[in-house]
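The values are calculated or read from the model by the stated rules, or taken from the named source; none is laboratory data. All figures in this text were calculated on a predicted structure; none of them were measured in a lab. Cβ: placed from backbone, ideal geometry, glycine included. Neighbour counts: every protein chain shown.
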Amino acid sequence: MNFAEPEKIIEVLDIIPGLSAVDFGCGAGFYTIALARACGSQGKVYALDIRKEMLEMVRSKARTFRLTNIETFWTDLEKPHASNLKDQSMDIAIISNVLFQIENKENLASEAARILKPAGKLLLVEWAEEERPIGPPIKFRINRNEAESLFLKANLILDREISAGEHHYGLLFKKSVH
């Protein structure tokens with residue numbers, strides 16, 4: 001696996017049709033589209049981003065691929081309750097290449113934990129700590145241990161590290177059933 005391949009990466013989530021998922025900071029929708037296909041027409045995927053042009057790109061891709069199970073929302077993920085989703089309403093959350101871009105990482109982590117159902121899964125994909133020809137400058141990247149700590153503080157449990165391509169690391173978290 002060279003660059004991030006969302007379809008392969010989300011296989012660790014064991015998605016079955018009908019699940020609900022959210023893509024925090026969806027960008028151009030690479031994970032949103034993969035999630036929508038995996039969740040099927042009975043499922044629902046929420047794509048959240050602060051950049052309206054990215055949300056329009058996701059809507060355009062959804063139309064192209066005839067995916068009717070995607071809803072897009074413009075929001076600032078650094079604010080409390082930014083997703084506007086109900087407590088414990090999502091089976092899956094994905095946060096990919098977002099942490100390095102925002103200041104209030106704690107709000108994002110706690111929001112993801114808030115909206116996950118008990119036993120819900122969160123997949124975090126971030127840029128690897130090594131300087132590479134692509135991606136943000138090293139000074140903006142979040143190291144793996146810092147990222148893990150952030151989500152542990154939000155009361156999520158680290159399930160395992162996953163392969164996310166040569167430019168990224170991936171962490172799979174679960175929400176406690178208690």
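Within the range 127-149, if we keep just the residues that are at pLDDT 95 or above and closer than 24 Å to D14 by Cα, the residue that is surrounded by the most Cβ atoms within 10 Å (Cβ to Cβ) turns out to be A147. Scanning the range 12-36 for residues that are surrounded by fewer than 19 Cβ atoms within 10 Å (Cβ to Cβ) and not in a loop (DSSP other than H, G, I, E, B) turns up just one, V12.
Take the conditions crowded, with 22+ Cβ neighbours inside 10 Å, in contact (Cβ under 8 Å) with a residue 24 or more places away in the chain, touching a strand residue (DSSP E or B) at 6+ places or on another chain (Cβ under 7 Å) and outside any strand (DSSP E or B) and apply them to A93. Does it pass? If you could, list the steps in order and put the result at the bottom.
On the way: crowded, with 22+ Cβ neighbours inside 10 Å: yes; in contact (Cβ under 8 Å) with a residue 24 or more places away in the chain: yes; touching a strand residue (DSSP E or B) at 6+ places or on another chain (Cβ under 7 Å): yes; outside any strand (DSSP E or B): no.
Considered against the rule, which asks whether it is crowded, with 22+ Cβ neighbours inside 10 Å, in contact (Cβ under 8 Å) with a residue 24 or more places away in the chain, touching a strand residue (DSSP E or B) at 6+ places or on another chain (Cβ under 7 Å) and outside any strand (DSSP E or B), A93 comes out as no.
Looking at this structure, is S60 over 12 Å from the mean Cα position of the chain (by Cα) and assigned to a helix (DSSP H, G or I)? Explain how you work it out, then say what you get.
Details: over 12 Å from the mean Cα position of the chain (by Cα): yes; assigned to a helix (DSSP H, G or I): yes.
Answer is yes for this residue.
Evaluation of R114 against the conditions (1) modelled with pLDDT of 95 or more; (2) of a type outside the set (S, T, Y); (3) within 22 Å of E148 (Cα to Cα); (4) in contact with a strand residue (DSSP E or B) (Cβ under 8 Å, 6 or more places away or on another chain) shows that the sole unmet condition is (4).
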